Amino acid sequence: MKNTLHLFVGGLVMLYTTVNAQWSNVGADFVSASSSSSTNIVSNEFGVFTAFIETNRANVKKFNGVNWETVGSPNFSPQNIQSLSLAMDGATPYVAFRDNSAGSKVSVMRFNGNTWEYVGPQGFSSGAVQYTKIRINNNIPYVAFQNSSNGKASVMAFNGADWQFVGNPAIGQGTVWNLQLEWNDNTPYLSFREFLSGVNKLNVMKLVSGTWQYEGSAVEDLQLNSDGSNPLVNSSIAFEPEIKTPYVSYIINSPDGFQRVLITKKLTGGNWTAVGNPVNNVFNTISGGLKLVFYNNKPTVAFCNYNTSTPDVKISVQNFHEGTWQSLDGNLFASAGVIGSEEFPQDVSLDLFADNNNLYLSYSEDFPINGRLRVRKFTGTLSSIDRVPFTDQVTVYPNPSNGILNISTYQDQEPAWTVYNSLGQLLLQGYTSHVTIASLPQGHYILQIKYADKSFVKHIIRK
């Protein structure tokens with residue numbers, strides 16, 4: 001259901017449209033007897049793809065418009081993998097993961113149309129890794145990971161024969177956690193939590209002339225909590241599509257672990273400034289996965305939060321519009337299982353992907369009890385605000401009038417028109433070049449005139 005409110009401010013008419021957020025299932029859920037995790041979702045002109053870990057092995061599925069089809073063989077990776085990441089090179093899916101069958105090093109595989117094959121050698125990093133992320137740029141796969149031996153980040157690219165370091169092989173000053181890799185046009189960016197000398201920082205770096213450099217000041221700079229716990233939990237980076245400004249969302253954790261807030265910032269003149277107000281205590285507390293994207297050119301963030309008094313976990317999606325974070329939750333909901341006797345819910349794995357005008361969410365539900373994974377598509381409409389200026393490009397006469405107004409045609413077509421009072425209430429509407437206002441009381445009104453490609457607004461007077 002859509003409602004429209006018209007407010008008139010200065011020389012503008014403000015058209016506010018509000019809608020109900022709705023999500024639709026994309027195919028059937030994936031249900032297995034074992035746990036599923038590390039869910040990923042990617043959409044392009046070749047379809048919607050999802051990757052996840054089931055029975056400790058990698059799986060990739062593609063939606064054919066009706067059902068989910070397995071890409072290649074199920075459980076195609078070695079056993080006991082972690083930190084699965086998915087990227088697409090056109091119609092070719094790539095996955096990267098921590099390969100515990102190869103010394104916990106990073107491995108990358110791709111589907112060649114018939115079977116899954118390694119890209120370069122299996123376990124090509126020099127040592128064990130964490131936080132593997134894969135992205136494709138100009139048909140070249142790039143992988144970012146944390147080196148377990150020194151805690152530094154590394155980025156490597158495949159040149160067709162071998163994997164080579166991109167920039168310095170040990171990125172960062174301290175120990176790097178929660179590593180994210182994204183591309184802004186042709187420039188790679190990293191965001192990560194960095195721990196050094198008792199201080200936790202959330203930093204962003206980009207590659208400049210072959211060297212990784214910090215982008216602006218630290219996004220966040222916090223001491224350890226009083227109980228020694230880390231105050232920074234999860235982060236995600238995305239870029240405004242038109243002017244390419246980097247945005248970062250992240251979660252701050254309280255000492256007791258139950259009072260978490262979600263904060264989003266953008267880079268402004270070398271400093272990171274807040275985007276709206278923090279999201280506080282949504283469904284008690286925020287937990288689990290986090291993903292920031294741009295949907296309809298607006299920052300949109302997905303996260304999960306739990307209620308400590310029950311085993312319920314809720315997925316939440318919010319979109320930033322006109323200075324306010326608005327909920328897109330609608331009919332989204334997930335419930336997590338109970339761990340041990342503490343009745344404490346496990347974090348839910350999620351991913352969010354925006355493609356043109358589509359917004360997809362994948363998440364694990366009832367994780368890890370029955371391993372159900374769900375993919376959903378946003379089918380509602382975002383709130384919008386249109387600013388339409390008053391104009392002299394069309395003529396309305398006679399004005400004032402006590403009966404009929406004539407609209408000079410802007411184009412060789414009949415316009416649609418609506419008449420509102422000063423409170424923005426709709427009074428009259430029609431589809432001709434003549435407006436009959438004889439039924440209105442004397443006073444001032446607003447006439448909105450709509451053609452196929454433009455809208456105009458005029459003050460009118462009923463005398």
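Throughout, read-outs are computed from the coordinates displayed, never taken from laboratory work. Because the structure is predicted, anything quoted here is derived from the model rather than measured. We place every Cβ from the backbone using ideal geometry, glycine too, and count neighbours over all the protein chains shown.
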Amide H neighbours of ASP89 under 5 Å, counting only residues 5+ apart in sequence or on other chains, H built in-plane at 1.01 Å? TYR94
Additional length obtainable on full extension of the chain from ALA28 to LYS244, 0.36 nm per residue less Cα span: 74.2 nm
How would you order 397-408, 122-133, 98-109 from highest to lowest mean count of nearby Cβ atoms within 10 Å? 98-109, 122-133, 397-408
HN-Hα J couplings of the range 351-358 from phi, Karplus 6.51/-1.76/1.60, θ = phi - 60°, integer Hz, Gly and Pro as x? 8, 10, 9, 10, 9, 6, 9, 10
Amide H of ALA21: which non-local residues (sequence gap of 5 or more, or other chain) have their own amide H closer than 5 Å, using H built in the peptide plane? GLY330
Per-peptide average of other Cβ atoms within 10 Å, ordering 208-214, 244-250 highest first: 244-250, 208-214
